[in-house]
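Quick notes on the structure that follows.
The values are calculated or read from the model by the stated rules, or taken from the named source; none is laboratory data. Predicted model, so just to flag it, every value in this text is computed and none were measured. Here the Cβ positions follow ideal geometry from the backbone for every residue, glycine too, while neighbour counts run over all protein chains shown.
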Amino acid sequence: MNVNPLYHTKTPILNEGNPEEKRKEILDYFHKTFDIDEQLFEVFADQSAMYQKADPLRHPLIFYYGHTATFYINKLIVSKILSNRINPRYESMFAIGVDEMSWDDMNTSHYDWPTVEEVTEYRNKVRATLDELIKTLPLNLPIGWDNPFWVIMMGIEHERIHLETSSVLIRQIPLQYLKPVLDWNLCSEAAPALENSLISVDGKQLTIGKSFNDSLYGWDNEYGIHTADIQPFKASKYLCSNGEFLEFVDAGGYQIQKYWTEEGWNWKQFKEAQHPLFWKKEGNEWKLRLVFNETAMPLNWPVEVNFLEAKAFCNWKSEQTGLPLRLLSEDEWFVLYKNANIPDLPYWKTAPGNINMEHFQSPCPVDRFRFNEFYDLIGNVWQWTETPINGFEGFKIHPIYDDFSTPTFDTKHNLIKGGSWISTGNEAIGNSRYAFRRHFYQHAGFRYVESANEVVIPQDIYETDPEVILHCEAQYGVGLPGVRNYYQQIAEIAIQYAGMSLGSALDLGCRTGRTTWELAKSFDSVTGLDFTARNIKVAVQLQENGSFNYVFPEEGDLLSYHQLNLNNLGFESLVGKVTFLQSDASNMKSIFVGYDMVLLNNILDQMYNPRHFLTSVHKRINSGGRLIVATGFDWSESCTKRENWVGGYRDSGEQIWGEDDLESLLSATFTKIDGPIIIPSVKRINKRKYSYSNIEVTIWEKK
């Protein structure tokens, strides 16, 4: 058994112990996390492969090498634990683009990737920064959501997630570019496939979800309460093995459309898939690709497939057996898990399954780790479920990582449960909830069930996120009688003062996209940027699907239901003129340049470094182009440190107003054309309550 201490680390218990001992524990956990992440990238014998796309819909590996480090700094900046960036360019370049969302920027021409050595040097600086921060930051127990150490734990657990995602991408890099990780203990046990069978499971009254005083770090979607009355069902004794899945392949399952969902068949046709991604056939022999090597096909190891392939297998197996088989649900997985009384990661002496890298750094036979009558309830490979991810009752968004979960609440991301051999930290605990698009590959396989339990898959989702629905209603709703829609008015003003050119425009702080669409009526192309994907997804779904649904709280528990429709809004002809992307306005990528007009759309007082933005925005605007600044100068230290305010303070006893401070910051590079123009902005809170503010608009021309 491998004894490398990197492979036996455990996520810390956060609500007990001595603060200084806990500090040392977290410091050790941080460094081991950084070490194991970097060890994974030592697999490259030829570093040029780090600049190749292992998957055309994902970034090259150099992105992920930088991403885990920049995540620490970006979250510490947002949470105001750190004031200064280490490398603003890297912290923008490596910030976003992991889950193939429509607002991820995957255009390779937009990236001038640094060398591996340069990223390594940056990582060293991040490590030193975090080392000093962990050693000196005041620490009080328990560590909860509002504790600065929670943000540090967020960075550590995020880096451990990427052990999985990066290793899956490395697994798709051609072998000639790779070399072994010398410390890895690859399982060498292989045998013919075992005969699987279904085992009866009693029904159970199930309650799951974490409380906010839980002892372990968790992502926001793990919290809340979910209850279910699970009726008896039968589950497969083993995970589906390579040998069992081979029967489906040999039966022509990849050529027979009736076994596949419409989504699955479209994917199969597009990818021209004939077998699982990590399988390779040479003559009559099958081989299995692991992270950095190939091996003769171990038929008794778990098969690794995406959801669509697993679903097709279940449909085929149902036809062969005459039984109504499907993948297990999240609830059914929890029944198996709870029946087995499996301890959580920090509380076991030795991992009870092939998990936490404690036994192998690869899959192993499906009959190696037993839990009562079943095998591999945790570990070996993740288990795809029929359940699309959503929040539990009482779900709350963590403000420092507000788009971790909600962009996946779209019925297109299915939960995987149980962890894999490389699952560590939060991923190895029972309450972890991770979901991926159904065509994604992870180190994931499946267990099938015969069950009459209903799996609820909503088809018509209504957005309920309080912040998002307020923006939806403010931008697209009826508003306050007698007051015109702010987002239409600001677009009209921007178009009126656009000058000679109506080529390209940038809408900064687009939120759910109304102003971006309105600008596209006159501009040739418009890019809408917002800090959070939770807002952008509204505009993206409108663009892609033509509609978006949301509920609005009218009075107490009484709700109204709304559908935004491109045709009704008059935007259907503008779809090709708009682009929506996620970006931090205080630290934008260098690609956002060459605009004829930039609209700062009422977010100046929500930026953490507005002064930096105002003194550098001229670099993004063409000569003679226009800058429109719309702001209420509503400063708060919860958003912006006082030293970065634009107005609203005293200097040497004198009052400094926003309008004057704004002019002093812009006058070197811009000439003021007009303003201030005052336009009202109204947000409807409920049936009778509104929030009203006056927004000051000034227009500037680049010198």
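Before moving on, here are some points about what is shown:
- Those residues of the range 219-262 which are of a type in the set (Asp, Glu) and part of a loop (DSSP other than H, G, I, E, B), in sequence order: none
- Only listed residue being surrounded by fewer than 23 Cβ atoms within 10 Å (Cβ to Cβ) and touching a strand residue (DSSP E or B) at 6+ places or on another chain (Cβ under 9 Å), chosen from VAL593, VAL575: VAL593
- Qualifying residue in the range 536-543 (condition: basic (Lys, Arg), modelled with pLDDT under 95, buried (at least 24 other Cβ atoms within 10 Å of the Cβ) and part of a helix (DSSP H, G or I)): yes
- Among (1) closer than 18 Å to ILE628 by Cα; (2) more than 20 Å from the chain's Cα centre (by Cα), the one test that VAL551 misses: (1)
- THR698 in the same structural domain as ILE490 (by TED's automatic domain parsing), free of Cβ contacts under 8 Å to residues at least 40 places away in the same chain, crowded, with 20+ Cβ neighbours inside 10 Å and among the polar types (S, T, N, Q): no
- The listed residues are ILE86, ILE73, ILE62, and the only one of them that is modelled with pLDDT of 95 or more and part of a loop (DSSP other than H, G, I, E, B) turns out to be ILE86.
- Some residue of the range 363-381 being crowded, with 23+ Cβ neighbours inside 10 Å, acidic (Asp, Glu) and out of contact with any helix residue (DSSP H, G or I) (no Cβ under 8 Å at 6 or more places or on another chain): yes
- Those residues of the range 323-360 which are of a type in the set (Asp, Glu) and within 24 Å of the chain's Cα centre (by Cα), in sequence order: GLU330, ASP331
- Test for LEU327: is it under 28 Å from ILE152 (Cα atoms) and either surrounded by 23 or more Cβ atoms within 10 Å (Cβ to Cβ) or out of contact with any Ser or Thr (no Cβ under 7 Å at 6 or more places or on another chain) (or both): no
- Selection from the range 308-329 of residues that are in a helix (DSSP H, G or I) and touching a Lys or Arg at 6+ places or on another chain (Cβ under 6 Å): LEU308, CYS314
- Test for ASP660: is it in contact with a Gly (Cβ under 7 Å, 6 or more places away or on another chain) and either loosely packed, with under 14 Cβ neighbours inside 10 Å or part of a loop (DSSP other than H, G, I, E, B) (or both): yes
- Screening GLU164 on (1) in contact with a Lys or Arg (Cβ under 8 Å, 6 or more places away or on another chain); (2) among the acidic types (Asp, Glu); (3) surrounded by 19 or more Cβ atoms within 10 Å (Cβ to Cβ); (4) not assigned by TED's automatic domain parsing to the domain that holds GLY445 shows it passes everything except condition (1).
- Restricting the range 594-647 to residues that are in a loop (DSSP other than H, G, I, E, B) and of a type in the set (S, T, N, Q) leaves a set whose member that is nearest to THR527 (Cα to Cα) is ASN602.
- When each of SER652, SER623, SER638 is tested for being touching a Lys or Arg at 6+ places or on another chain (Cβ under 7 Å) and either at pLDDT below 95 or acidic (Asp, Glu) (or both), the lone residue that passes is SER623.
- Those residues of the range 289-307 which are crowded, with 24+ Cβ neighbours inside 10 Å and either in contact with an Asp or Glu (Cβ under 6 Å, 6 or more places away or on another chain) or not in a loop (DSSP other than H, G, I, E, B) (or both), in sequence order: PRO302, PHE307
- Test: residue in the range 503-514 that is out of contact with any strand residue (DSSP E or B) (no Cβ under 7 Å at 6 or more places or on another chain), assigned by TED's automatic domain parsing to the domain that holds ILE677, surrounded by 22 or more Cβ atoms within 10 Å (Cβ to Cβ) and not in a strand (DSSP E or B): yes
- Residue within the range 342-362 that is in a strand (DSSP E or B), at pLDDT 95 or above and not assigned by TED's automatic domain parsing to the domain that holds VAL540 present: no
- Filtered by the rule that a residue be in a helix (DSSP H, G or I), of a type in the set (A, V, I, L, M, F, W, C) and in contact with a helix residue (DSSP H, G or I) (Cβ under 7 Å, 6 or more places away or on another chain), the range 107-132 gives VAL116, VAL119, VAL126, LEU130.
- Selection of the range 562-593 for residues being out of contact with any Gly (no Cβ under 9 Å at 6 or more places or on another chain) and among the aliphatic types (A, V, I, L, M) yields LEU564, LEU569, LEU574, MET588, ILE591, VAL593.
- Residue match in the range 265-288 (condition: touching a Ser or Thr at 6+ places or on another chain (Cβ under 8 Å), among the hydrophobic types (A, V, I, L, M, F, W, C) and surrounded by 13 or more Cβ atoms within 10 Å (Cβ to Cβ)): yes
- Some residue of the range 336-352 being crowded, with 23+ Cβ neighbours inside 10 Å and over 29 Å from ILE36 (Cα atoms): yes
- Residue, farthest from THR698 (Cα to Cα), within the range 474-493, restricted to residues that are assigned to a loop (DSSP other than H, G, I, E, B) and either touching a helix residue (DSSP H, G or I) at 6+ places or on another chain (Cβ under 9 Å) or not assigned by TED's automatic domain parsing to the domain that holds PHE548 (or both): GLY479
- None of ASP146, ASP183, ASP202 is at pLDDT below 95, surrounded by fewer than 19 Cβ atoms within 10 Å (Cβ to Cβ), more than 17 Å from LYS75 (Cα to Cα) and not hydrophobic (A, V, I, L, M, F, W, C) except ASP183.
- Test: THR33 is within 18 Å of PHE71 (Cβ to Cβ), among the polar types (S, T, N, Q), within 29 Å of the chain's Cα centre (by Cα) and not assigned by TED's automatic domain parsing to the domain that holds TRP421: yes
- Selection count where residues are free of Cβ contacts under 8 Å to residues at least 24 places away in the same chain, among the basic types (Lys, Arg) and in contact with an Asp or Glu (Cβ under 9 Å, 6 or more places away or on another chain), scope the range 633-687: 0
- Restricting LEU169, LEU141, LEU216 to residues that are buried (at least 19 other Cβ atoms within 10 Å of the Cβ), within 29 Å of the chain's Cα centre (by Cα), of a type outside the set (Phe, Trp, Tyr) and part of a loop (DSSP other than H, G, I, E, B) narrows the list to LEU216.
- Pair list, Cβ < 6 Å and 6+ apart or interchain, from the range 161-188 residues that are within 19 Å of PRO56 (Cβ to Cβ) to residues that are of a type in the set (D, E, K, R): TYR177/ASP46
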